[in-house]
Amino acid sequence: MAVIAYIELSGNKVKKASLETASYAAATAQKLGTEAIGLALGSADASELEALGKYGLSKVVHVNNAQLDNLDSRVQSKVVADQMNALGGKVLVFSHNYTGKALAPRLSARLNAGLVAGAVALPETDGGFVVEKTAFSGKGLAKVSINSDLKVISIGPNSFGVKEVGGSAAVETADAAVEASSVTVKETVKLSDKIPLSEAELVVSAGRGLRGPENWGMVEEMADILGAATACSRAVSDVDWRPHHEHVGQTGLAISPNLYIAIAISGAIQHLAGVSSSKTIVVVNKDPEAPFFKSADYGIVGDAFDVVPKMNAALKKLKG
Amino acid sequence: MKILVCISKVPDTTSKIAFTDNNTKFSEDGVTYIMNPTDEWYALVRGVELKEAHGGSVTVVCVGDSSNDQIIRKSLAIGADDAVRIDAQPDDSYFVAAQIANYAKEQGFDVIITGKETINYNGSVVGGMLAELLDLPYVALVTKMDIAGNEATIEREIEGGKEILSVPTPFVISANKGLAEQRIPNMRGIMAARKKPLNVIPADAGISANTSVVSYSAPPARTACKYVDADNVDELIRLLHEEAKAI
Ligand SMILES: Cc1cc2nc3c(=O)[nH]c(=O)nc-3n(C[C@H](O)[C@H](O)[C@H](O)COP(=O)(O)OP(=O)(O)OC[C@H]3O[C@@H](n4cnc5c(N)ncnc54)[C@H](O)[C@@H]3O)c2cc1C
Ligand SMILES: Nc1ncnc2c1ncn2[C@@H]1O[C@H](COP(=O)(O)O)[C@@H](O)[C@H]1O
């Protein structure tokens with residue numbers, strides 16, 4: 001028996017999301033009295049994989065095959081399932097990010113393993129196997145029992161955290177039969193070197209109150225000072241002031257960063273649905289009646305065009 | 001081109017979310033239901049657009065009881081040609097995916113489209129499961145898709161960027177914002193929908209769910225908002241740093 005953490009690679013490096021996946025897998029393994037093993041598919045630096053021991057993995061199995069560098073979920077699913085069987089994996093853990101959303105459901109179906117997608121807590125293992133997840137777009141939580149022998153969990157980014165426990169992992173390479181992919185990657189577009197919204201711990205977001213895309217300079221400046229990602233309301237991405245991938249909410253991306261700063265966003269229920277699980281929420285709005293204040297930890301009633309530059313100056317001072 | 005679009009019924013986005021029966025059930029009290037937004041706005045509309053451009057047909061499929069017929073009629077009014085309702089309670093995502101796969105496997109669909117995720121269960125999983133059960137390629141969270149012959153060019157979001165892929169039919173995708181623009185059904189569509197076939201088929205009794213909801217709860221409430229004066233922004237930054245330890 002073992003808990004398997006799916007380790008995501010990009011350019012030979014381990015992606016940040018996988019540190020959380022590893023931490024979660026290690027804590028789950030501890031609860032079950034077994035070990036946590038990482039599974040990495042594609043090209044990687046051995047030192048990167050060894051370092052995963054810090055997050056509690058005893059071993060990392062590396063299927064070192066460059067054919068797996070691109071994510072074809074159909075090809076990868078077969079490789080992961082074979083390794084699950086070979087390693088005696090009982091629980092398979094992913095991050096509920098773009099990669100996890102492509103792979104976890106495939107593995108669930110392939111292994112006939114019940115899946116909880118978007119978990120926010122460790123499994124409760126006394127008696128059954130119950131995992132809590134967000135439901136109703138952040139307006140509720142559901143405890144879900146996995147009734148099959150094998151289990152798949154994908155964890156909501158930032159909901160468990162990265163936990164360093166020390167140690168180094170033994171890296172083993174494994175061979176695998178890799179089918180030819182029918183999916184051809186023609187082009188990969190990196191959106192500058194900004195922090196991806198889905199992984200960000202700090203997010204600066206703005207809404208229609210900013211009146212036009214030309215006024216986003218101060219928002220981007222705040223994000224730069226903080227090392228934060230930028231986001232926006234649907235009203236803003238609908239009129240193309242900002243790109244679609246920045247749209248957060250019930251019909252956009254759901255996020256749970258440590259800090260969410262909402263500038264000139266009214267706080268419609270559909271917007272709150274995607275951001276209300278953020279740890280700390282700051283709202284800047286000129287309307288004291290804006291509904292967002294009801295869901296905020298800190299609020300400033302004021303004109304964004306006055307308040308935001310002042311916040312940037314104060315943040316610069318803080319950051320030295 | 002034969003296109004299948006998967007649609008599901010969800011509480012309206014403004015619904016108050018409450019639970020009953022000792023917090024084991026979602027309270028349907030005063031809740032109105034709609035077609036899941038990404039299914040309607042993106043998955044269905046792109047399916048209909050492809051049919052309009054290339055010919056063929058759009059079938060919608062829904063796993064659920066007759067209370068789903070209203071959203072199914074709406075999908076026919078928006079432009080689907082026919083509908084299949086698999087008559088069963090959608091107990092969990094695997095159950096839903098396996099029922100759809102069971103129906104779809106003999107039908108020869110070229111393109112199968114699901115929404116990005118349902119706004120009640122937030123799984124984002126039915127499409128991937130369906131693809132695995134049918135052994136088809138799956139591209140999740142697609143923002144653009146065009147088809148020429150039997151080759152599709154697809155744009156999808158990835159962490160911090162996007163990818164442009166080509167995939168031969170048949171395949172499964174999940175639809176994200178950008179794929180299409182919402183269409184409001186017109187009177188002609190609504191009239192035509194009445195005459196379009198809605199076939200109700202029995203569920204495969206051999207398929208069972210492998211997860212079950214034990215209980216629901218409301219997310220933890222936030223303490224009241226602390227207001228800081230607009231002329232005292234430094235204080236806000238201090239609080240964020242020292243009290244919230246967020247920066
Ligand atoms: C089915 C459905 C799904 C939806 N899904 C989403 C979703 O996923 N995400 C989402 O965001 N929305 C979603 N919406 C839309 C949502 O209902 C709101 O319309 C939207 O969030 C409003 O965006 P906003 O707050 O930027 O704009 P507005 O509602 O126009 O609010 C602008 C705010 O800015 C303030 N303001 C104006 N000027 C200033 C200034 N100078 N300084 C400070 N404050 C100022 C105003 O007081 C106001 O509160 C959905 C709607 C529907 C029907
Ligand atoms: N009961 C259902 N019947 C048909 N399709 C469904 C059903 N439930 C979910 N789907 C489809 O699967 C997608 C993802 O759902 P989920 O995995 O629950 O987030 C939805 O956007 C729908 O397209």
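Tabulated values for the structure
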quantity	calculated
Separation of alpha-carbon centers, the range A:103-172 and the range B:1-43, rounded to whole Å	23
Loop-located trypsin sites (Lys or Arg not before Pro) in the range B:1-106, at most 14 other Cβ atoms within 10 Å (DSSP)	B:16, B:105
Shape call, chain A: gyration tensor on alpha carbons, a/c limit 1.5	prolate
For residues of B:88-95, the mean tally of beta carbons on other chains within 10 Å	3
Shape call, the range A:197-319: gyration tensor on alpha carbons, a/c limit 1.5	rounded
Vicinal HN-Hα couplings computed from phi for the range A:230-243 (Karplus, 6.51 cos²θ - 1.76 cosθ + 1.60; Hz; Gly/Pro x)	9, 9, 7, 7, 5, 4, 6, 6, 4, 9, 6, 6, 9, x
Count of Lys pairs (Cα-Cα under 22 Å; at least 8 positions apart or interchain) in the range A:197-319	5
Euclidean distance of C-alpha centroids, the range A:1-65 and the range B:102-136, integer Å	29
Given A:31/A:143; A:78/B:51; A:190/B:177; A:90/B:162; B:16/B:195; A:78/A:163, the pairs whose alpha carbons are separated by over 27 Å	A:78/B:51; A:90/B:162; B:16/B:195; A:78/A:163
Packing-based exposure ordering (other Cβ within 10 Å, fewest first) of B:143, A:188	A:188, B:143
Inter-chain Cβ neighbour average for residues B:137-147, partner chain, 10 Å	4
Per-residue mean of C-beta atoms belonging to partner chains within 10 Å, peptide B:13-24	3
Helix-only [θ]222 nm of the protein assembly as shown, DSSP H runs n ≥ 4, -39500 (n - 2.57) each, per residue, nearest 500	-7500 deg cm²/dmol
Bridge type composition, the protein assembly as shown - antiparallel percent by DSSP, nearest 5	35
Efficiency of FRET between residue B:166 and residue B:106 - r from beta-carbon atoms, R0 35 angstrom, step 0.05	0.85
Tilt relative to chain A, helix A:73-87 - C-alpha long axis, 0 to 90 degrees, to 10	50
Peptide ranges A:224-235, B:222-233, B:145-156, A:253-264 listed from the most packed, as the mean C-beta count within 10 angstrom indicates	A:253-264, A:224-235, B:145-156, B:222-233
Prolate/oblate/rounded label for the range B:99-247 (Cα gyration tensor, a/c 1.5)	prolate
Calculated over the protein assembly as shown: convex hull of Cα atoms, volume per residue (Å³)	155
Simple Cβ-charge dipole of the range B:2-216, Lys/Arg +1 and Asp/Glu -1, about Cα centre, in debye nearest 20	680
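FYI, it's all coordinate maths here, none of it is from the lab. Because the structure is a prediction, the values reported are computed rather than measured. Ideal geometry is used to build each Cβ from the backbone, glycine not excepted, and the neighbour counts take in all protein chains shown.
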